[in-house]
1. Out of all the residues in segment B:112-134, is one or more in contact with a strand residue (DSSP E or B) (Cβ under 6 Å, 6 or more places away or on another chain) and either loosely packed, with under 14 Cβ neighbours inside 10 Å or closer than 21 Å to B:Arg36 by Cα (or both)?
2. Can you find a residue that is surrounded by 24 or more Cβ atoms within 10 Å (Cβ to Cβ), within 12 Å of chain A (Cβ to nearest Cβ) and closer than 27 Å to A:Pro252 by Cα anywhere in segment B:42-60?
3. Out of all the residues in segment A:101-123, which are at the interface with chain B (Cβ under 7 Å from one of its Cβ atoms) and surrounded by fewer than 24 Cβ atoms within 10 Å (Cβ to Cβ)?
4. I'd like to check something: does segment A:155-166 contain any residue that is within 14 Å of chain B (Cβ to nearest Cβ) and either touching a residue at least 60 places away in the same chain (Cβ under 8 Å) or over 20 Å from the mean Cα position of the chain (by Cα) (or both)?
5. Do you know which residues across segment B:258-287 are closer than 15 Å to A:Leu127 by Cα and within 7 Å of chain A (Cβ to nearest Cβ)?
6. Scan segment B:178-193 for residues that are surrounded by 15 or more Cβ atoms within 10 Å (Cβ to Cβ) and either aromatic (Phe, Trp, Tyr) or without any contact (Cβ under 8 Å) to a residue 60 or more places away in the chain (or both) and jot them down.
7. Might you check whether a residue that is buried (at least 22 other Cβ atoms within 10 Å of the Cβ) and touching a helix residue (DSSP H, G or I) at 6+ places or on another chain (Cβ under 7 Å) occurs anywhere in segment A:275-283?
8. Here's a check for you: in segment B:125-166, which residue that is of a type in the set (Lys, Arg) and assigned to a helix (DSSP H, G or I) is farthest from the other protein chains (Cβ to nearest Cβ)?
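The values are calculated or read from the model by the stated rules, or taken from the named source; none is laboratory data. All figures in this text were calculated on a predicted structure; none of them were measured in a lab. Every residue, glycine as well, gets a Cβ built from its backbone with ideal geometry; the counts of neighbours run over all protein chains shown.
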Amino acid sequence: MRTDGLARIVALHLGLVLLLLALNWLLPEYHRGVFSRILVLAVFAMGYNVMFGYTGLLSLGHAMFFAAGLYGAGLTVYHLGWPAPAGFAAGLAAGLALALAVGVLALRTTGVAFMIVTLMFAQVIYLLTLYFTTYTRGEEGLVLAPEDRFIALPGAVLDPTDPSTRYLLALALFAAALAATVAIVRAPFGRTLVAIRENEERMRMLGYDVFANKLAAVAVSGVLCAAAGAAYALLFGYVGAGFASIQYSILPLLWVLLGGAATTLGPIVGTLAMFYVVDVTSGYTSAYLLVVGLALILLILYFPRGLVGTLRERWLPWLP
Amino acid sequence: MSFGPHLLLATLEGLVTSAVLALMALGLSLVFGVMRVVNVAHGEFFMLGAVVAWWVASIVGGHPAVGFLAALVVSPLVVAAVAFAAERLVLRRLSYEPEATIVATIGLLYIIQQLALTFYGPEARPVEAPFSIRVTLPWFGYSGYKLFVIAVAALLVVATWLMLTRTRAGLLMRATQYDRETAQAFAIPVDRVYAGVFALGAGLAAIAAVLIVPIQQAHYLMGLDPLLLSFIVVIIGGLGSLRGTVLAAVLIGLSDGIISVFFSPTLAKMLATLLVALVLVFRPQGLFGTAPR
């Protein structure tokens, strides 16, 4: 398609990462904390975007993948005393396993049934975290001790409780996820997903294995979301059932819609914008859900392409 | 108490759940059947019905029955009006596209929930039951009001059924459900039927809420559990099949009541949810539904 745009695509994404890197020393303390959180949650949104934006699969249950990473990392570190990197890997593995299991079952359905099935599976995961409250402490959650979250590297120990280290770790995860999405989107696999979104029947007729490609999309999406969850547990030291609730299935949808579905930069733009909209409005009113609700309705009514999507449509057709 | 009476108690509790669930799921099923819209805000219409019922009952005063009856009339009307407005202002403009309407009704869910929290507050408030008769059974006394709920719900389900099969409005709805375009070609005002069905569905949820509010207090978060249960019912019953919906409501309500009495409620919910997801996966037309044309 647009192979000539590679240089400026790389330049744009690299530029964004460098800008975010510079912000580590430029942002005031409070906003650096907010940004660390946004970067991790943007990875969650990016994972969601792989399915919703590029493959056209609207899931209402992505909190379960985030929770798989969160608990995969949190429980192994808290109860088994695993070192943080091993906990992170356990989170990824939990996310992958759950994504494959849910994918195999849920992908047998389409459309409305797919949305409800994913919602139901996520609800089962949420209830599981409440049912095993002896281990998870349910809504109250677990707090990981700071020394359990240290990342021992040869010659150095990274301490995620230090704001600057935390920001840089979050940024590293974000950069890796961003690079992965750009690579996927530009690879034949990404093109196949978009083609499935546009016309599934035609792809099947052309001899593509639609189910395998969709399953791969669910797996990639699940692993990215689990990475965000595991990183959240290790960087912020809190693991609670609230992250498995329906609300955390809706939020990535909102962020991706706002930023622009099927754009690589949409998730971070949407997450950033929504966080600051809520942050600013919470100065005037405590009605945070009202803002979320109105944003969803207004976006879907008047602005279905989102910020980056509109940008791409009007002025910058080369955006991936 | 020995096993038999214990089971009877669980069955009665299950029937109360079934009754409320049947009304609520009927509304959801009607909206899905006719409009092909998955209304995620249905639980909030239920909650709104309960909150309005409390509000009406607290204004009216006097004998509890007067307040309750006033609530039973006013609350469904208010909720239906809200739903009607939402349908006209939002859903119609999305031309009922499934994914867009789901996102929009999620937005609606948050808006209604937040408004209830802001104006009604986080407290749970009861509405007094219209009468307090205890029916004495040989083993235990049982609330007469709960039996009344079961009876009223059964009556309303039959009334809805008659409305759908015996009246002109019902005929229009069924025609629209069967084939929207042909219905339109025969000069059926499909657009107005949609608005009416959406309001009717919300009204049914509100009636369910008014009935339950003397048993279970009105709270701004009360909508989520019934919403998920209604989804379960509608799916098990077969999306859009009303007969299946009512049957499934009784089945789910009873099993929920019985499992919750003998086992943990969380386990009951978990099993039911998992079961439903699997039903949708392996038998998408539902247990009682027929395969789509």
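1. Yes: segment B:112-134 contains one or more residues that are in contact with a strand residue (DSSP E or B) (Cβ under 6 Å, 6 or more places away or on another chain) and either loosely packed, with under 14 Cβ neighbours inside 10 Å or closer than 21 Å to B:Arg36 by Cα (or both).
2. yes
3. The answer is A:Leu105, A:Arg108, A:Thr109, A:Gly111, A:Val112, A:Ala113, A:Met115.
4. Let us first name the residues in segment A:155-166 that are within 14 Å of chain B (Cβ to nearest Cβ), namely none.
The answer is no, given that none of the residues of segment A:155-166 is within 14 Å of chain B (Cβ to nearest Cβ) and either touching a residue at least 60 places away in the same chain (Cβ under 8 Å) or over 20 Å from the mean Cα position of the chain (by Cα) (or both).
5. Once the filter is applied, which keeps residues that are closer than 15 Å to A:Leu127 by Cα and within 7 Å of chain A (Cβ to nearest Cβ), segment B:258-287 yields B:Thr266, B:Leu267, B:Lys269, B:Met270, B:Thr273, B:Leu274, B:Val276, B:Ala277.
6. Passing the criteria: B:Arg180, B:Ala183, B:Gln184, B:Ile188, B:Val190.
7. First pass over segment A:275-283, keeping only residues buried (at least 22 other Cβ atoms within 10 Å of the Cβ): none.
No, there is no match, as no residue in segment A:275-283 is buried (at least 22 other Cβ atoms within 10 Å of the Cβ) and touching a helix residue (DSSP H, G or I) at 6+ places or on another chain (Cβ under 7 Å).
8. Selected residue: B:Arg166.
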